[in-house]
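Written out below as structure tokens is the structure these notes cover.
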Amino acid sequence: MPALLPAAGVKNPAAAQNLLNRLHRYRRVFLKRWWVFALCVATAIAVQAYLVSIKPPTFQSNAKILIGGSVQLSTSAAGVRDPQLEFVGTLVELIRSGEVRRRANERLLTLHPEMKASPVSLDVNKAAGALILLCTATGTDQTYTSRFLRAVTDEFVAYRKDLRSTKADMTVTKLADQIAQMERQISVIDQELVEFQKKQNVVVAEFEGNSLAKDVVKKKLELSTIKSEYDVIGLLTPEQQIERLDALDRRVAAVDKEGAGKVDSLAGKSEYQSALQQIALLKAERDDLSRFLKPKHPKIINLNDEITKNERIIANLREQSMGQINSRREALRRQIEKLEVDVKDAEAKALELQAVMAEFTRLKDSKDRLVAQQRQYQANLQDVKVNTEVEQDMVTVIEQATPAFEIPSGVLKAMAIAVAAGLLLGLTILVLLDRMDDRINSLAEFQSYFAEPILGQIPSDPSGRMDEFLKADETRPMMAESFRNIRSSLLYMPMEGARPRTLLVTSAVPNEGKSTIATNLALVLAYAGIKTLLIDADLRRGRIASTFSMPNEPGFADVLGGALPWREAIRKTPVENFHLMPRGRIIQQPSEYLLSARTDQFLRDVYPEFEYIIFDTAPVLAADDTASLAPKMDAVLFVVRLAHTSAKMSRNSLEILYKRQANVPGLILNAVDTSSPEFVYYRYPEYYYQIPSAERKAAKAAAAAEPAAKA
């Protein structure tokens, strides 16, 4: 079968499913603990209402300041832009400064000694699209708030004028001192330049430095050429040296003859080449004559003498060539040594002159920088003097502080903030509680904690009938189908060998629905015509028999104690093929009875009598009874109730069963939320129908008559 492809437009179906599961989990948490939100919101509203009730009335006064001339671009000492004169932010901070507030308080105490100071908050902002500062004072005393803001604006203007006057005087003095200091530095550098030129003769050295650099390059090129020739000559053989000299002679001879207008086919041919050619001709002639003449013939002898003579000529030429090679290499070696010494001397002189020129350039550049800086300082000094003579401060209070008016308390806003804070606090608490709660709420969470397979999912019953046992004509189709699904899982479980017939049903802690699941599983097996025995093996608190209106004694405990044969402890029920063995009398230390040989013998005796034997036992973490009986069973069905049991407890219970070598083929999830997006089973009511009453009665009559007919 081909693999199913994800739906179009869904890039990550698993991520989308996880998101839906998470939202569903939060929905369950909210529905369960909605009172946390209500409590947090109510508490926040109560606290905010109390704070509003005890808060005194608040008054506000406003004023406006024009800052038009204050932000014109200008420069201050040393060419640095003065942010205190240029930027609005500086003026805002100046108004808020402690010095201005101190002056304002002193002014109020002087003009109105009868007033008492009260806390006032001051806020300053720039008006949009205008060079105007909007000043706002807020306080609890109506008269003091208005007078304080007026004092702040007046003192700000006065304080800024004082700062400008003091700063101008300080700037003029500082600039004058810096100009005088630079004049002294320039004089010192001029004296150093004069002494340096006298000592180093910089004007001459400037030209010599260039010529020496060119001379170094020229000598290095010459040295490289001679070294190349020296290496080439060392690799030549005598014959190659002779050919090299012959080629040079031929080029010279060809040029001479061409200039003379003569043509000579033998021009340029050397003695060495002539001797080689002569030997070749003589040998060829000797070979021709040797076919007819004897070696002692005079012609043969003459030819041999001629050949020997030419060979001696070639040997002499080779010896002369070797001498020429050695002489030339020696001459080149001496030239290389001399050039290397000359190059080192020239480089040393060039470096020395370069250092002298660098020092001269440094002194000259220092003087140029000082001169330029001195001119700038002089220009700044002139600007400052002009600025002090002309009034440039255009900071003016264009609107005095208004009479303070009461600010609305803002109850609605305070309540809205309280509601938002309460909701946020409630959400935080719920998230923290959810993080600390490791109870499993969905299939995805279950799979993140457990690797065991799931044999079935029992849905939760909104009608509150989760503890009711299934009937043959069950009206809860989802519940019935879920147990039939578990029955099919047991009957067709993929495993080798015989199917498990003795089944133990348990859970981690009480109230997980294990007894109801064990009973309903036994019932659906019996409804399918399978002979089934349900044993109440919870020897401490088992009460399955009482739910069928039967006494709990005698029963399983009496059989294990040897007080009653096991056949007499089995009770027949109204359901065909469904048999029940009650708990029996309450005994001490049930685990000792379950580990005894009587338990093993009972299992061997009862095993061939029934097709399925289901044991309902105590929770694993409640007592050691289940861990003692589980290894004797064919399989253990472990029940996990969603949104009830801690994942850690369930995991610990399974580890206990595994350590006792119990076979746990799978887990059963109980109380699964049918509204969860993961639960998609048995949601099609058109497949379930109620049998008409007449047909149901006829079916019951036929079923009752069938045993009599067989008998």
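The values are calculated or read from the model by the stated rules, or taken from the named source; none is laboratory data. Everything numeric here is computed off the predicted structure, so don't read it as measured data. Because the Cβ atoms are built from the backbone with ideal geometry, glycine has one as well, and the counts that use them run over all protein chains shown.
Taking the condition outside the structural domain of GLN374 (by TED's automatic domain parsing), within 57 Å of the chain's Cα centre (by Cα) and at pLDDT below 90, does THR140 pass? Judged against the criteria, THR140 is a match.
Residues considered: SER121, SER53. Of these, the only one that is outside any loop (DSSP other than H, G, I, E, B) and at pLDDT below 85 is SER53. Scanning region 127-147 for residues that are part of a helix (DSSP H, G or I), in contact (Cβ under 8 Å) with a residue 24 or more places away in the chain and of a type in the set (A, V, I, L, M, F, W, C) turns up nothing. If you check ALA253, ALA205 for being under 17 Å from ALA346 (Cβ atoms), surrounded by 14 or more Cβ atoms within 10 Å (Cβ to Cβ) and at pLDDT below 60, only one passes: ALA205.
Surrounded by 18 or more Cβ atoms within 10 Å (Cβ to Cβ) and over 57 Å from the mean Cα position of the chain (by Cα): is that true of MET550 in this structure? Answer is no for this residue.
For every residue, the table says whether it meets (1) of a type in the set (A, V, I, L, M); (2) outside any helix (DSSP H, G or I); (3) in the same structural domain as THR502 (by TED's automatic domain parsing); (4) under 21 Å from VAL636 (Cβ atoms).
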| site | (1), (2), (3), (4) |
| --- | --- |
| LEU539 | yes, yes, yes, yes |
| GLU576 | no, yes, yes, no |
| ILE587 | yes, yes, yes, no |
| TYR593 | no, no, yes, yes |
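All told, SER650 falls short of being within 26 Å of ALA498 (Cβ to Cβ), among the hydroxyl-bearing types (Ser, Thr, Tyr) and in the same structural domain as GLU496 (by TED's automatic domain parsing). I'd like the residue in region 635-651 that is in contact with a Leu (Cβ under 7 Å, 6 or more places away or on another chain) and surrounded by fewer than 24 Cβ atoms within 10 Å (Cβ to Cβ) and, out of all such residues, is farthest from THR674 (Cα to Cα). The qualifying residue farthest from THR674 (Cα to Cα) is ALA635. Inspection of region 326-349 identifies no residue that is closer than 22 Å to VAL216 by Cα and touching a Gly at 6+ places or on another chain (Cβ under 8 Å).
Take the residues in region 97-118 that are in a loop (DSSP other than H, G, I, E, B) and not aliphatic (A, V, I, L, M); name whichever of them is nearest to the chain's Cα centre (by Cα). Filtering region 97-118 for residues that are in a loop (DSSP other than H, G, I, E, B) and not aliphatic (A, V, I, L, M), the one nearest to the chain's Cα centre (by Cα) comes out as SER97. Scanning region 290-330 for residues that are without any contact (Cβ under 8 Å) to a residue 60 or more places away in the chain, of a type in the set (Gly, Ala, Ser) and within 25 Å of TYR272 (Cα to Cα) yields ALA315, GLY323, SER327.
Six or more apart or on different chains, Cβ atoms under 6 Å: show the pairs whose first residue is in region 575-588 and of a type in the set (Lys, Arg) and whose second is part of a loop (DSSP other than H, G, I, E, B) and crowded, with 19+ Cβ neighbours inside 10 Å. The qualifying pairs are ARG583/GLY542; ARG583/GLY555.
Note on region 489-536: among residues that are closer than 15 Å to LEU637 by Cβ and assigned to a loop (DSSP other than H, G, I, E, B), the one that is modelled with the lowest pLDDT is MET495. Search region 532-556 for residues that are farther than 15 Å from ALA623 by Cβ and in contact (Cβ under 8 Å) with a residue 12 or more places away in the chain and pair each with any residue that is of a type in the set (Ser, Thr, Tyr) and surrounded by 22 or more Cβ atoms within 10 Å (Cβ to Cβ) when their beta-carbon atoms are under 7 Å apart and the residues are at least 6 apart or on different chains. If the second residue must be of a type in the set (Ser, Thr, Tyr) and surrounded by 22 or more Cβ atoms within 10 Å (Cβ to Cβ), the pairs left are THR532/TYR612; LEU534/THR519; ILE544/SER515; ILE544/THR519.
Yes/no matrix, rows are residues, columns are (1) touching a Gly at 6+ places or on another chain (Cβ under 6 Å); (2) within 16 Å of THR502 (Cα to Cα); (3) surrounded by fewer than 16 Cβ atoms within 10 Å (Cβ to Cβ); (4) charged (D, E, K, R):
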site	(1), (2), (3), (4)
ARG567	no, no, yes, yes
PRO574	no, no, yes, no
LEU580	no, yes, no, no
SER596	no, no, yes, no
ASP600	no, yes, yes, yes
ASP605	no, yes, yes, yes
GLU609	no, yes, yes, yes
ASP624	no, no, no, yes
ALA630	no, yes, no, no
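When the residues of region 319-359 are filtered to those that are of a type in the set (D, E, K, R) and closer than 20 Å to LYS214 by Cβ, the one that is modelled with the lowest pLDDT is GLU352.
Does LYS572 satisfy the condition of being among the charged types (D, E, K, R), without any contact (Cβ under 8 Å) to a residue 40 or more places away in the chain and touching a strand residue (DSSP E or B) at 6+ places or on another chain (Cβ under 8 Å)? In short, yes. Could you tell me whether any residue of region 386-397 is modelled with pLDDT of 80 or more and over 54 Å from the mean Cα position of the chain (by Cα)? Taking every residue of region 386-397 in turn, at least one turns out to be modelled with pLDDT of 80 or more and over 54 Å from the mean Cα position of the chain (by Cα).
Being hydrophobic (A, V, I, L, M, F, W, C) and more than 16 Å from ALA537 (Cβ to Cβ) is the filter here, so list the residues in region 491-524 that pass it. Hits for region 491-524 are LEU491, MET493, MET495, ALA498, ALA508, VAL509, LEU523, VAL524. Checked against (1) free of Cβ contacts under 8 Å to residues at least 60 places away in the same chain; (2) of a type outside the set (Gly, Ala, Ser); (3) in a loop (DSSP other than H, G, I, E, B); (4) buried (at least 18 other Cβ atoms within 10 Å of the Cβ), LYS471 passes all but a single condition, namely (4). Can you spot a residue in region 437-448 that is of a type outside the set (S, T, N, Q), at pLDDT 80 or above, surrounded by 15 or more Cβ atoms within 10 Å (Cβ to Cβ) and assigned to a loop (DSSP other than H, G, I, E, B)? No - not one qualifying residue is present in region 437-448.
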